[in-house]
Amino acid sequence: MDAAPQALEFQSVAVNVEYFLRVKEDGFGEYKDFRAHTLGELPQVKSVTSHFCLDTSKDVRNRLPQ
């Protein structure tokens, strides 16, 4: 995923999916291209489920505790 700058996070998770990938694209068309031509071409990716954030009311990931 180093070659995909739009992939901001790549995490192994303990739920019914194996990995969580946070992607930032300019629109749905660009995401569709990323999904088809980046994720879709990886032989180890068997399926992709997508969820989209419509709005963010709070995001503290980049703040350090004081």
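The values are calculated or read from the model by the stated rules, or taken from the named source; none is laboratory data. Computed from a predicted model, the values in this text were never measured in an experiment. Here the Cβ is made from the backbone with ideal geometry for all residues, glycine too, and neighbour counts use every protein chain on show. For accessibility, only protein heavy atoms count, side chains too; no ligands or nucleic acids. Shrake-Rupley method; radii C 1.70, N 1.55, O 1.52, S 1.80 Å.
Could you compute how much accessible surface Asp55 exposes when probed at 1.4 Å, giving the result in Å² to the nearest 10? So the heavy atoms of Asp55 present about 130 Å² to solvent. Other residues with beta-carbon under 11 Å from the beta-carbon of Cys53 carry, at +1 per Lys or Arg and -1 per Asp or Glu, a net charge of 0. The value of relative contact order for the chain, using C-alpha pairs under 8 Å at least six residues apart, is 19 percent.
Ordered from highest to lowest accessible area with the whole protein assembly present and a 1.4 Å probe, His37, His51 read as His51, His37. Among the GluC sites (Glu not before Pro) in the chain, those placed in a DSSP loop whose Cβ has at most 16 other Cβ atoms within 10 Å are Glu18, Glu25, Glu41. When log10 I(q)/I(0) by the Debye sum over Cα atoms at q = 0.26 Å⁻¹ is calculated for this entry, the matching label among [x] -1.08; [y] -1.41; [z] -1.20 is [y].
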